[in-house]
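Below is one structure, written out as structure tokens, with a few remarks after it.
Nothing in this text is a laboratory measurement; each read-out follows from the coordinates by a stated rule. None of the values given here were measured: they were computed from a predicted structure. Glycine gets a Cβ as well: all are built from the backbone with ideal geometry, and neighbour counts include every protein chain shown.
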């Protein structure tokens with residue numbers, strides 16, 4: 001199942017990456033080479049194998065519901081490229 | 001007689017303890033070494049001389065009041081994906097070029113508490129994605145043993161710093177070999193701890209089910225001191241494990257008598273670099289001569305590790321790196337509305353390897369391909385973990401080469417991602433299985449390049465790795481060699 005240029009475009013949009021036509025062609029070639037290599041796992045019978053998301057036998061980790069000090073508003077905003085009135089500032093999101 | 005900057009961390013700690021040297025003197029020695037050789041090596045993204053000298057003076061004051069500790073006043077370096085409060089943390093990416101964290105990573109806070117002096121932040125492949133440190137937005141790091149060659153990656157800056165005498169050790173991070181492979185290529189010691197042994201809080205996430213922070217240093221004992229300081233449970237990382245940390249320094253003298261060492265037949269195959277194969281086999285013989293018992297083991301799913309790794313690590317990366325949207329921190333490109341702004345920000349902020357991996361991971365997770373790629377890779381990961389469990393039923397430690405070749409030339413593999421990925425062929429299985437592994441020097445090629453031995457242990461059995469590595473190291477003089485730069 002080789003990736004077409006349209007699929008590369010779609011994946012780039014899903015990943016929120018603007019790509020040039022030149023990059024589209026290059027990524028198509030490189031991603032297909034990697035995916036072709038990854039075909040080796042399709043040969044294995046894994047029908048009775050549970051997936052491993054994470055190697056530890058930890059399920060949920062709880063803590064007591066107590067208030068702890070965190071970042072101040074000023075610290076949280078300290079790296080913002082744009083801010084206003086104590087908030088992150090972004091361009092309009094609705095047309 | 002070694003120059004001050006060439007001492008091991010253990011030797012330097014002894015001189016601090018006896019007051020033969022102060023922390024300010026040690027720090028000045030490291031900084032003048034950096035000033036002299038850093039232009040050739042380029043191990044650092046940021047050198048913080050002022051902060052280091054201030055911390056050194058504070059450490060000397062603490063010692064004068066009677067405090068002790070191996071790291072009190074010890075100058076070390078930190079990989080630039082570890083958050084340092086008030087000190088720029090770039091991940092070697094244009095995306096985070098201006099980013100100054102408002103908090104410390106847990107490992108950084110622990111080292112600060114122990115009195116360590118931070119010389120600066122070391123170069124890496126952007127967001128730790130790479131095997132050569134060529135993917136940095138701030139220039140390539142050079143291998144101190146041969147400046148035309150890569151230091152390995154992604155913790156190439158930390159490895160080069162430790163090898164070149166820019167401080168007395170460093171921290172790196174390892175997702176598929178990023179501590180061990182550069183340690184091997186730079187002739188130093190590097191440990192990837194058991195998954196869950198070290199808190200990942202404040203490590204900028206690449207692949208959260210695989211990432212671990214670990215020590216990189218000039219001797220096994222040095223690595224043990226750093227591990228002792230950073231290991232242990234942390235409530236800020238829900239994957240950190242609450243389990244007692246043994247005394248690693250005590251483990252160093254345990255020896256290998258009766259230790260069962262497995263050689264996985266899948267890792268010693270025709271066509272491998274003959275000098276690497278010979279050095280690793282000789283190292284295993286040397287451990288056998290000290291009383292270890294060597295037997296062949298099998299890890300039957302080895303051939304699938306690379307595929308599983310590059311599907312799972314990229315899938316996790318595509319999710320983790322979604323946070324870089326130009327809103328809360330880092331680089332922002334300007335556009336009229338939010339989605340185009342996000343797309344331009346990420347297009348301009350990320351380098352090509354990071355984009356390639358985000359796209360691969362996004363594809364592996366996307367509707368219609370999830371079962372064939374992501375879920376199947378997770379299932380094969382189970383088989384790989386079972387391979388290790390099976391092998392460890394009969395042995396205590398598994399020995400392999402760390403990297404398939406000594407350091408390669410800068411630019412040699414830069415245009416072919418798949419060939420570059422093969423640099424990690426012996427290290428990635430360890431991350432998939434979640435077990436610990438150490439790389440240490442076990443010889444040099446005819447051209448003078450270091451070769452690394454990898455010892456893989458059972459989960460939470462770092463102590464045995466330190467014991468075996470120290471036994472090997474003590475019988476050879478590799479750790480006393482220093483690159484001439």
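Assuming a viscosity of 0.890 mPa s and a temperature of 25 °C, what translational diffusion coefficient in µm² per second does Stokes-Einstein assign to segment B:287-426, Rh being the Kirkwood radius over Cα pairs?
Details: Rh = 18.3 Å.
Estimated via Stokes-Einstein, D reaches 134 µm²/s.
Averaged across B:334-346, how many Cβ atoms of other chains sit within 10 Å of each residue's Cβ atom? Before the final figure, lay out each step's value.
Details: counts 3, 2, 2, 6, 5, 4, 3, 4, 5, 7, 3, 4, 5.
Other-chain Cβ atoms within 10 Å of each residue's Cβ, averaged: 4.
Calculate, in nm to one decimal, what residue B:475 and residue B:54 gain on full extension: separation in residues at 0.36 nm each, minus their alpha carbon distance.
Values: separation 421, 0.36 × 421 = 151.56 nm, distance 3.92 nm.
In short, 147.6 nm is gained.
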ask   = For helix A:5-14, what angle does its Cα long axis make with the longest principal axis of chain A, in degrees from 0 to 90 and rounded to 10?
value = 20
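Could you calculate the FRET efficiency of residue B:15 with residue A:6 from 1/(1 + (r/R0)^6), where r is the beta carbon distance between them and R0 is 45 Å, rounded to 0.05? Can you show the working numbers first?
Working: r = 65 Å, r/R0 = 1.44.
Rounded to the nearest 0.05, the efficiency is 0.10.
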query = What is the Cα centroid distance between segment B:13-30 and segment B:204-274, reported in whole angstrom?
reply = 28
query = What spacing in nm lies between the two simple spin-label points modelled at residue B:484 and residue B:253, each 7 Å away from Cα in the Cβ direction?
reply = 3.7
task = With a bin width of 10 angstrom, please list the P(r) values of segment B:58-193 as percents of all Cα-Cα pairs, from the 0 bin to the one holding the largest distance.
result = 14, 42, 32, 10, 1
ask   = Quick one: if you stick a label point 7 Å off each Cα along the C-beta vector at residue B:270 and residue B:446, how many nm between them?
value = 2.3
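Counting pairwise Cα distances across the protein assembly as shown, what percent come out greater than 36 angstrom?
The share of Cα pairs beyond 36 Å in the protein assembly as shown comes to 31 percent.
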ask   = When the Cα centres of segment A:61-90 and segment B:291-343 are compared, how far apart do they sit, in Å?
value = 26
task = Please report the Cα spread of segment B:147-252 along all three principal axes, rounded to whole Å, starting with the longest.
result = 43, 33, 18
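Counting only Cα atoms, I'd like the Rg/Rh figure for segment A:1-41, Kirkwood definition for Rh. The partial results should precede the final answer.
Working: Rg = 10.5 Å, Rh = 10.5 Å.
Reported Rg/Rh, Kirkwood definition of Rh: 1.00.
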task = Return the calculated 222 nm mean residue ellipticity for chain B, to the nearest 500 deg cm²/dmol, obtained by summing -39500 (n - 2.57) across DSSP H runs with n ≥ 4 and dividing by the residue count.
result = -11500 deg cm²/dmol
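Can you give the Kirkwood hydrodynamic radius for segment B:211-283, in Å, rounded to one decimal and based on Cα pairs?
Working: mean 1/r = 0.0633 Å⁻¹.
Roughly 15.8 Å, rounded to one decimal.
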key: Ordering of A:27-36, B:242-251, B:213-222 by burial proxy (mean other Cβ atoms within 10 Å per residue, highest first)   = B:213-222, A:27-36, B:242-251
task = Determine, at each q value in 0.12, 0.25, 0.28, 0.29 (inverse angstroms), the log₁₀ of I(q)/I(0) that the Debye formula gives when each Cα of segment A:17-80 is one equal point scatterer.
result = -0.83, -1.12, -1.15, -1.16
